[in-house]
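Everything below concerns the one structure shown next.
The values are calculated or read from the model by the stated rules, or taken from the named source; none is laboratory data. Worth saying up front: this structure is predicted, and the values here are computed from it rather than measured. Positions of Cβ are backbone-derived with ideal geometry, glycine not excepted, and every protein chain shown enters the neighbour counts.
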Amino acid sequence: MKPKILVARAIFPDVIARLSQYFEVESNQEDKVFSEDELAIRLQGKQGIFATLSERIGSKQIQSNPQLKAVCNMAVGYNNIDIEAATRAGIAVTNTPDVLNETTADFAWALLMSAARRVTESERWLREGKWEKWRYDSFLGMDLHGSTLGVLGMGRIGQAIARRSMGFNMRVIYHNRSRLSQNLEDNANHAQYVGKEELFKQADHVVLTVPYSSQLHHIVGRAELALMKKTATLVNIARGGIVDDQALIQALKERRIGAAGLDVFENEPAFYPEFLDLPNAVLTPHIASASERTRRAMADCAADNLIAILTGQTAPNPVNSVNPASTTGNP
Ligand code: 8YV
């Protein structure tokens, strides 16, 4: 008998077909977002789940499903999963790193350029039929070339963003848990390590690429925004919760910073509606990894991990280290 798995959201049909060669698949092609209770019920009898960030997998889902062995997220982030509870229960958790680095870095630049050079704001104005004449001061923005880019969280995506700044002749500063090796700094457009405060003070444009954890909740709040230049741009392609969105709304409204490009928000998709009234905010619905090729690679990667774990192989992208001897009921 094939093991049963749940594919929690709609995904590429050929990925479902591939998973079906190994598993009895319960899919969700109608793409309903399950509540936490519903997910706990749907997981009954399933040994694995192909999950996305929308599925909260915590102690409720874990404790009520002692047969669960694998949680494979189609995302590089995994803050939707209680890793400690999963590890205690002997559940292997995996993510999809690397395959999305370049696409996500491209998109950070799309947001940065749109926000700094007021692309979406001026397009809205044009579409509203307001373009009557040229003016010397129409939509004056902030230059990217020759400016200082600050990257908070210089992981693989941060490095890919920094590399792209070479073409804009920018200086790169970064702050991270630990300093990169000289070689990685050189490859990231000779990025210079600075303290967090210095990063916010010196950067003309700040890009956030830190993964979310409860310790990093609101690491960009009122105090950090107050350090930024009045003309600076803030780009968040990392996670909602990294930024205190209410503090950011105030800073943008009062023009204490120049502009923001935001792909992620607190409480997605129910972001604070005040963002909609801010002309200096470029807003996108969590699509930084959304190219055809990358979303396919992410789905394939999550499927590879699920197949590996449930066929007794080593998962390519483990997030936790599971010792089957110390499990409490998910052997
Ligand atoms: C995904 C992401 O689209 O990979 C991540 O961590 O945030 C995005 O690339 C999303 O998480 C889907 O689960």
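Laid out as a table, the results:
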read-out	value
Residue satisfying all of: in region 304-314; away from the ligand (no atom under 14 Å from the Cβ) and surrounded by 20 or more Cβ atoms within 10 Å (Cβ to Cβ); nearest to Ala110 (Cα to Cα) among these	Leu306
Residue that is surrounded by the most Cβ atoms within 10 Å (Cβ to Cβ), among those in region 278-294 that are within 12 Å of the ligand (Cβ to nearest atom) and either not in a loop (DSSP other than H, G, I, E, B) or not hydrophobic (A, V, I, L, M, F, W, C) (or both)	Ser289
So Ser114, is it small (Gly, Ala, Ser) and part of a helix (DSSP H, G or I)	yes
Boolean, Leu225 is under 20 Å from Trp109 (Cα atoms) and outside any loop (DSSP other than H, G, I, E, B)	no
Pair list, Cβ under 7 Å, 6 or more apart: region 182-202 residue outside any helix (DSSP H, G or I), other residue buried (at least 18 other Cβ atoms within 10 Å of the Cβ) and among the aromatic types (Phe, Trp, Tyr)	Ala191/Tyr174; Tyr193/Tyr174
Condition check for Gly241: within 16 Å of the ligand (Cβ to nearest atom) and either under 15 Å from His175 (Cβ atoms) or not acidic (Asp, Glu) (or both)	yes
Complete set of residues in region 2-16 that are over 14 Å from Thr311 (Cα atoms) and either surrounded by 14 or more Cβ atoms within 10 Å (Cβ to Cβ) or touching a residue at least 60 places away in the same chain (Cβ under 8 Å) (or both)	Leu6, Val7, Ala8, Arg9, Ala10, Ile11, Phe12, Val15, Ile16
Extreme residue, farthest from Leu100 (Cα to Cα), among residues of region 258-270 that are surrounded by 18 or more Cβ atoms within 10 Å (Cβ to Cβ) and either within 16 Å of the ligand (Cβ to nearest atom) or among the aliphatic types (A, V, I, L, M) (or both)	Ala259
Verdict on Tyr193 being buried (at least 17 other Cβ atoms within 10 Å of the Cβ), over 19 Å from Leu248 (Cα atoms) and of a type in the set (Phe, Trp, Tyr)	no
Residue within region 256-273 that is among the hydrophobic types (A, V, I, L, M, F, W, C), out of contact with any strand residue (DSSP E or B) (no Cβ under 9 Å at 6 or more places or on another chain) and not in a helix (DSSP H, G or I) present	yes
Options Pro331, Pro316; residue that is modelled with pLDDT under 95 and either in a loop (DSSP other than H, G, I, E, B) or at negative phi (or both)	Pro331
